[in-house]
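I have placed the structure first, in the form of structure tokens, so that the comments after it can refer back to it.
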Amino acid sequence: LPPVDSREVIFENGGKLMSSSEDKPGTPNSGVSRRSFLKGTGLVLSVPLVSGVRVVEVAGAQVKVLGPGKIPITLNINGAARTAQIEPRVTLLDTLRNELDLTGAKRVCDRGTCGACTVMVDGKTVYSCSMLAVEAQGKQITTVEGLEQNGQLHPVQQAFVDNDAQQCGFCTPGFVMACTAFLSKYPNPTPEQIARGVGGNTCRCGTYIGMKAAIAQAAQNLRGGRRNG
Amino acid sequence: MAEYKWPEADKRSLIGKRISRVDGPAKVTGKAKYAYDIKRPGMLYGKILHAPYAHARVVSIDTSVAEKMPGVQAVKIIQGPGTEIQWAGSEIVAVAAVDEPTAEDAIRAIKVEYERLPHFVNEADLAQVPQDRRKPGNEELAGNPDQAFQDPDSVVVEGTYGNSVITHCCLEAHGQIVEWEGENNVLIHPSTQAVSVIGGQLAQALGIPAGNVHLQMDYIGGGFGSKFSIDRWGTECARISKLAGGKPVKIMLDRKAELMVAGTRPSVYARVKVAAKKDGTITAWQSESWGTAGMGGANPLGQLPYIIRQNLANRRLRHIDVPTNTGPSRAWRAPTHPQTCLITMSALDDLAAALKMDPLDFFLKNLELTGSRANVYREELLKAAEMIEWKKNWHPRGETGRGPVKRGLGLSIHTWQGSPHASNCDITIHPDGSVELKMGTQDLGTGTRTVVNIVAAETFGLPLESVKVFIGDNRYPTSGASGGSTTVGGVSSSTRRAAVDALNQLFEKVAPALSAQPDQLEARGGRVFVSTEPSRGMTWQQACARLGTQPITVTGKQPAPGSPPLASGGVGGVQMADVSVDIETGIVKMNKMVCVQDCGLIIDLKTAESQVYGAMIMGVAYSLFEERIMDNRTGQMLNANMEFYRLGGIGDVGEMQVHFLTGAGHDERGPVGLGEPPTVSPGAAISNAVANAIGVRVPTLPITPERVLAALEKKGGSSAKL
């Protein structure tokens with residue numbers, strides 16, 4: 001998996017340091033500060049309230065502060081706008097699962113190791129347990145629920161079924177997302193590329209033999225332009 | 001009374017074929033809902049405060065701040081003041097709140113005072129185990145091992161071998177959602193291997209009738225032997241739900257707790273002495289073993305020396321249980337077999353090396369010691385040797401030429417019973433031709449849902465999708481827990497019986513219309529017809545329409561564990577591993593692994609192969625990576641996470657091949673469980689391959705780079721053979 005472009009951010013809620021991906025300026029309700037904040041001289045409160053959103057000055061820049069209570073957010077998921085009320089400290093994964101009933105992405109290690117929570121954000125795979133929901137606003141999020149088209153399994157999904165690249169199935173959605181993103185970058189992968197490219201996900205039942213066959217089948221079908229299996 | 005048997009090979013259209021699991025699409029699309037995924041109306045999120053100390057007494061608990069926090073709906077003390085805590089992670093307090101962050105805040109606001117007590121957590125080095133932590137069992141003596149060891153015509157080898165404690169590390173953590181319907185009825189959505197069992201456990205704990213607990217579970221994210229019980233978090237989840245007015249409460253363990261308290265495989269270490277005559281005939285075994293299962297014991301003596309024990313005349317064994325202040329052990333695929341297999345097959349491999357014999361020849365020479373399954377093992381050994389090109393690739397131990405990367409081969413044999421559990425299956429044939437199957441079983445990812453679907457559809461001569469399968473509910477006919485590889489035999493047998501009986505009832509309704517006797521009829525290819533005159537028949541739909549308004553419902557019973565004729569038990573298997581070891585870095589790389597296995601009648605070849613691949617891959621993980629690491633000073637598990645408790649990835653497993661013994665002599669036995677046997681051999685096969693590669697035994701699993709380098713250092717330096 002390509003690493004998430006991470007930078008430290010701070011939230012008033014608990015003052016905890018958390019990782020975050022690139023913030024887009026001007027995103028509504030974005031609570032992300034700049035990395036330089038941490039290196040700077042500290043926090044200077046400026047105008048106490050601006051339209052209900054608190055703003056602090058950080059290293060000469062105005063940064064909005066979210067929380068500590070619940071705030072409304074809007075996420076673009078599988079092509080549709082979805083809204084939720086969450087605390088700013090809640091991850092993208094927990095928002096998908098607990099607020100939006102998109103439970104394909106699983107919480108397993110909860111710290112960016114096992115890949116069961118893999119989704120795509122702006123076309124890149126992301127461990128959704130390691131991204132805050134507020135950071136994902138304004139981005140295109142694809143979850144495993146969004147891969148089917150016109151009721152047809154995606155070639156990667158079909159290949160997982162055909163080659164029995166799953167047993168209990170708990171890691172499967174994460175692997176399907178990781179393999180889909182991987183094959184879009186490496187349409188004709190070598191075993192070494194597979195080992196590295198899909199090595200950020202973990203299966204406990206031991207489905208890697210079926211998975212290797214599934215990746216080979218999906219690669220062939222995707223190269224042949226058979227988007228829908 | 002119908003005669004129950006499996007269809008002949010030439011009449012099978014589904015059984016034994018390569019069929020994709022029927023719930024595959026639900027899993028790849030994320031539509032499959034596990035307990036972890038279920039959200040009930042008004043559901044609260046529960047969290048547990050786990051004890052931080054390995055051995056302590058609870059002095060006081062202050063929950064007052066947590067109770068007043070907005071959003072917190074219930075707080076319940078699980079183990080109150082005065083309780084002695086015997087392992088870190090033990091459950092102290094549960095809370096339920098409107099969302100997860102609030103529940104976590106509430107846990108952090110609870111203050112617990114502990115009196116710390118002395119703990120002991122590491123058993124690997126017996127010399128460091130204090131006397132009060134040694135619980136020796138009786139010595140077992142057979143024949144005269146000393147005389148055999150002193151025989152001047154014998155070769156005697158001594159060694160120490162061991163398996164570290166590993167955890168189950170189910171990707172779906174243990175847990176459940178519980179809610180009350182009125183004062184006396186409970187609905188539970190658990191993650192369990194025992195759908196028909198744990199509702200009764202919960203009812204007993206709550207003091208309500210067993211029938212008042214309704215349990216539902218469609219999917220489970222791994223169990224491996226660790227999910228047979230309602231568990232303390234299950235009963236406490238029900239109790240805190242009641243405190244919160246009966247609202248649904250979801251408690252799933254977090255990853256740290258999952259690794260610390262939700263299941264381990266006991267360690268077993270042993271000092272072994274083993275002897276053979278100079279021609280290679282094994283004559284005597286002696287072992288002193290020890291290990292920990294948490295505070296309880298896990299005596300492996302019944303399995304030592306593995307497989308050959310019943311037929312080896314001279315043996316002396318002793319085992320010492322070492323209680324440690326660590327999370328309790330649970331059944332882990334083929335309990336005690338992988339550990340005793342590693343100890344036995346490693347010692348025998350070292351003996352073969354001392355005799356300067358090829359281990360394949362050595363095992364073939366001693367096959368009589370395996371008893372009645374000797375011929376199966378012979379066939380499997382020869383087939384596996386062919387698959388891995390043993391005679392071409394094997395070399396005497398350590399004779400691997402120059403260069404830092406050394407290649408080696410190793411082998412091991414294993415056994416398991418896998419007899420069917422008791423099982424009941426309801427099948428209904430509706431007048432419109434549709435068929436329903438109901439059973440209180442569970443599909444662990446082993447393919448149970450697919451297997452019962454295949455058996456029913458095959459019996460009725462219908463396509464798979466014509467049978468609607470309902471499992472995972474304790475209001476369906478009871479079926480055994482999925483443990484001991486008992487499921488496939490049990491559920492196939494009860495399904496076949498139900499389907500045969502239902503079909504016979506249908507034949508009775510249809511026979512007059514075909515001017516035939518019921519026993520002259522056959523159902524195949526979507527038709528019911530006279531066997532001797534296939535053109536005299538009707539479609540399945542037409543046949544079912546003859547039922548009028550009354551569906552046929554039949555319960556099929558696999559009456560008791562192990563009972564014939566549709567399933568049986570007792571299998572053997574052989575695995576061989578081909579590895580490369582870099583003696584400069586100590587890294588072991590899997591080149592190839594093969595498994596030859598018998599398992600009676602195969603219902604679905606595709607999921608059966610997956611089972612064996614999965615077992616081998618889990619075997620690679622416990623052979624090379626998995627180990628619970630305990631800190632002596634704090635008594636904490638240092639790697640209760642997934643970056644330092646490694647499972648291995650897609651690039652770590654190498655090439656794998658599976659071959660089943662099938663056909664005459666196997667099929668008529670009916671299906672025999674496959675979940676466990678192939679998990680047994682990998683440790684020994686890989687350890688023996690590493691020894692063959694580098695010329696020295698790495699005594700303990702997992703075979704980490706550090707242990708490889710330490711073994712080489714002991715032998716005389718890693719550069720000695722460069």
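Cβ-Cβ distance below 6 Å, separation of 6 or more or different chains: which pairs start in the range B:400-423 with a residue that is under 11 Å from B:Ile583 (Cβ atoms) and modelled with pLDDT of 95 or more and end on one that is assigned to a strand (DSSP E or B) and acidic (Asp, Glu)?
B:Pro404/B:Asp582; B:Val405/B:Asp582
So, of the residues in the range A:85-105 that are out of contact with any Gly (no Cβ under 6 Å at 6 or more places or on another chain), in a loop (DSSP other than H, G, I, E, B) and within 16 Å of A:Val144 (Cα to Cα), which turns out to be nearest to the other protein chains (Cβ to nearest Cβ)?
In this case the residue turns out to be A:Thr103.
Which residue, of B:Ile78, B:Ile19, B:Ile92, B:Ile85, is out of contact with any Gly (no Cβ under 6 Å at 6 or more places or on another chain) and within 14 Å of chain A (Cβ to nearest Cβ)?
When all the criteria are applied, what remains is B:Ile19.
Among the residues of the range B:573-581, is there at least one that is surrounded by fewer than 24 Cβ atoms within 10 Å (Cβ to Cβ) and either more than 22 Å from B:Thr459 (Cβ to Cβ) or away from chain A (no Cβ under 11 Å) (or both)?
yes
Determine which member of the set A:Ala219, A:Ala214 is surrounded by 19 or more Cβ atoms within 10 Å (Cβ to Cβ), more than 12 Å from chain B (Cβ to nearest Cβ) and either farther than 17 Å from A:Asn163 by Cβ or not hydroxyl-bearing (Ser, Thr, Tyr) (or both).
Just a single option satisfies the conditions, and that option is A:Ala219.
Given the condition away from chain A (no Cβ under 14 Å), of a type in the set (Ser, Thr, Tyr), more than 30 Å from B:His189 (Cα to Cα) and crowded, with 22+ Cβ neighbours inside 10 Å, answer yes or no: does some residue in the range B:147-162 qualify?
Yes; the residues of the range B:147-162 include at least one that is away from chain A (no Cβ under 14 Å), of a type in the set (Ser, Thr, Tyr), more than 30 Å from B:His189 (Cα to Cα) and crowded, with 22+ Cβ neighbours inside 10 Å.
Look at B:Ala35 and say whether it is closer than 30 Å to A:Ala214 by Cβ and either touching a residue at least 12 places away in the same chain (Cβ under 8 Å) or surrounded by fewer than 22 Cβ atoms within 10 Å (Cβ to Cβ) (or both).
On the way: closer than 30 Å to A:Ala214 by Cβ: yes; either touching a residue at least 12 places away in the same chain (Cβ under 8 Å) or surrounded by fewer than 22 Cβ atoms within 10 Å (Cβ to Cβ) (or both): yes.
So B:Ala35 fits the description; yes.
Within the range B:61-105, can you find the residues that are among the hydroxyl-bearing types (Ser, Thr, Tyr) and either within 25 Å of B:Met637 (Cα to Cα) or surrounded by fewer than 16 Cβ atoms within 10 Å (Cβ to Cβ) (or both)?
B:Ser64, B:Thr83, B:Ser90
Is there a residue being closer than 30 Å to B:His421 by Cβ, within 14 Å of chain A (Cβ to nearest Cβ) and among the charged types (D, E, K, R) anywhere in the range B:657-679?
yes
Could you name every one of the strands (runs of 3 or more DSSP E) located completely within the range B:133-224 that has at least 2 residues being of a type in the set (Ser, Thr, Tyr)?
B:154-163
Which of the residues that make up the range B:204-232 are away from chain A (no Cβ under 13 Å), crowded, with 22+ Cβ neighbours inside 10 Å and among the hydrophobic types (A, V, I, L, M, F, W, C)?
Matches in the range B:204-232: B:Val213, B:Leu215, B:Ile230.
B:Pro7: more than 14 Å from every other protein chain (Cβ to nearest Cβ), outside any helix (DSSP H, G or I) and out of contact with any strand residue (DSSP E or B) (no Cβ under 7 Å at 6 or more places or on another chain), yes or no? So that I can check it myself, show each step before the final result.
On the way: more than 14 Å from every other protein chain (Cβ to nearest Cβ): yes; outside any helix (DSSP H, G or I): yes; out of contact with any strand residue (DSSP E or B) (no Cβ under 7 Å at 6 or more places or on another chain): yes.
Criteria met by B:Pro7.
What tally of residues in the range A:162-193 results from selecting those that are surrounded by fewer than 23 Cβ atoms within 10 Å (Cβ to Cβ) and either facing chain B (nearest Cβ under 7 Å) or β-branched (Val, Ile, Thr) (or both)?
The qualifying residues number 3.
B:Arg271 is checked against (1) part of a strand (DSSP E or B); (2) at pLDDT below 95 and fails just one. What number does that condition carry?
That leaves (2) as the condition not met.
Quick one: A:Arg82 ticks every box in (1) without any contact (Cβ under 8 Å) to a residue 24 or more places away in the chain; (2) basic (Lys, Arg); (3) not in a strand (DSSP E or B) except a single one, so which number is it?
Every listed condition holds for A:Arg82 apart from (3).
Exactly one of (1) closer than 27 Å to B:Arg18 by Cα; (2) of a type in the set (S, T, N, Q); (3) more than 17 Å from the chain's Cα centre (by Cα) is unmet by A:Asn150. Its number?
Every listed condition holds for A:Asn150 apart from (1).
Can you tell me which condition A:Gln140 does not meet? The list is (1) facing another protein chain (nearest Cβ under 9 Å); (2) surrounded by fewer than 23 Cβ atoms within 10 Å (Cβ to Cβ); (3) under 23 Å from the mean Cα position of the chain (by Cα), and all the others hold.
Unmet for A:Gln140, out of (1) facing another protein chain (nearest Cβ under 9 Å); (2) surrounded by fewer than 23 Cβ atoms within 10 Å (Cβ to Cβ); (3) under 23 Å from the mean Cα position of the chain (by Cα): (1).
Can you tell me which residue within the range B:22-32, out of those that are at the interface with another protein chain (Cβ under 7 Å from one of its Cβ atoms) and within 25 Å of the chain's Cα centre (by Cα), is surrounded by the fewest Cβ atoms within 10 Å (Cβ to Cβ)? Don't jump to the end; show me each part of the working.
Of the range B:22-32, the ones at the interface with another protein chain (Cβ under 7 Å from one of its Cβ atoms) are B:24-25, B:27-30, B:32.
Add one more test, that the residue is within 25 Å of the chain's Cα centre (by Cα), and what stays is B:24-25, B:27-28, B:30, B:32.
Working: B:Gly24: 25, B:Pro25: 17, B:Lys27: 28, B:Val28: 29, B:Gly30: 26, B:Ala32: 23.
Per the criteria, the residue is B:Pro25.
Of B:Glu236, B:Glu179, which residue is within 20 Å of B:Pro41 (Cβ to Cβ) and touching a residue at least 40 places away in the same chain (Cβ under 8 Å)?
B:Glu179
Sort out which residues of the range B:233-254 are surrounded by 24 or more Cβ atoms within 10 Å (Cβ to Cβ) and on the phi > 0 side of the Ramachandran plot, and write them in order of number.
Of everything in the range B:233-254, nothing turns out to be surrounded by 24 or more Cβ atoms within 10 Å (Cβ to Cβ) and on the phi > 0 side of the Ramachandran plot.
Do the conditions hold for B:Ala103, that is, is it more than 24 Å from B:Ala262 (Cβ to Cβ) and either within 14 Å of another protein chain (Cβ to nearest Cβ) or of a type outside the set (Lys, Arg) (or both)?
The answer is no for B:Ala103.
With the structure loaded, tell me whether B:Leu514 is of a type outside the set (Asp, Glu), within 14 Å of chain A (Cβ to nearest Cβ) and either free of Cβ contacts under 8 Å to residues at least 24 places away in the same chain or farther than 19 Å from B:Val554 by Cα (or both) or whether it fails that test.
When the stated conditions are applied, B:Leu514 does not pass them.
Yes or no: B:Pro323 in contact with a Lys or Arg (Cβ under 7 Å, 6 or more places away or on another chain), in contact (Cβ under 8 Å) with a residue 12 or more places away in the chain and outside any strand (DSSP E or B)?
Values: in contact with a Lys or Arg (Cβ under 7 Å, 6 or more places away or on another chain): yes; in contact (Cβ under 8 Å) with a residue 12 or more places away in the chain: yes; outside any strand (DSSP E or B): yes.
When the stated conditions are applied, B:Pro323 passes them.
Among the numbered criteria (1) within 30 Å of B:Gln86 (Cβ to Cβ); (2) of a type outside the set (S, T, N, Q); (3) in contact (Cβ under 8 Å) with a residue 24 or more places away in the chain, which single criterion is violated by B:Leu638?
(3)
For the range A:194-211, which positions are facing chain B (nearest Cβ under 8 Å) and outside any loop (DSSP other than H, G, I, E, B)?
A:Ile194, A:Ala195, A:Arg196, A:Tyr208, A:Ile209, A:Gly210, A:Met211
So which residues in the range A:106-131 are within 20 Å of A:Asn78 (Cβ to Cβ), within 11 Å of chain B (Cβ to nearest Cβ) and either without any contact (Cβ under 8 Å) to a residue 40 or more places away in the chain or β-branched (Val, Ile, Thr) (or both), if there are any at all?
Within the range A:106-131, A:Arg107, A:Val119, A:Cys129 qualify.
If you scan the range B:37-48, which residues turn out to be more than 7 Å from chain A (Cβ to nearest Cβ) and either at positive phi or touching a Ser or Thr at 6+ places or on another chain (Cβ under 9 Å) (or both)?
B:Ile38, B:Gly42, B:Leu44, B:Tyr45, B:Gly46
The values are calculated or read from the model by the stated rules, or taken from the named source; none is laboratory data. What you see is a predicted model, and the numbers here were worked out from it, not measured in a lab. Reconstructed Cβ throughout: ideal geometry from the backbone, glycine too, with neighbour counts over all protein chains shown.
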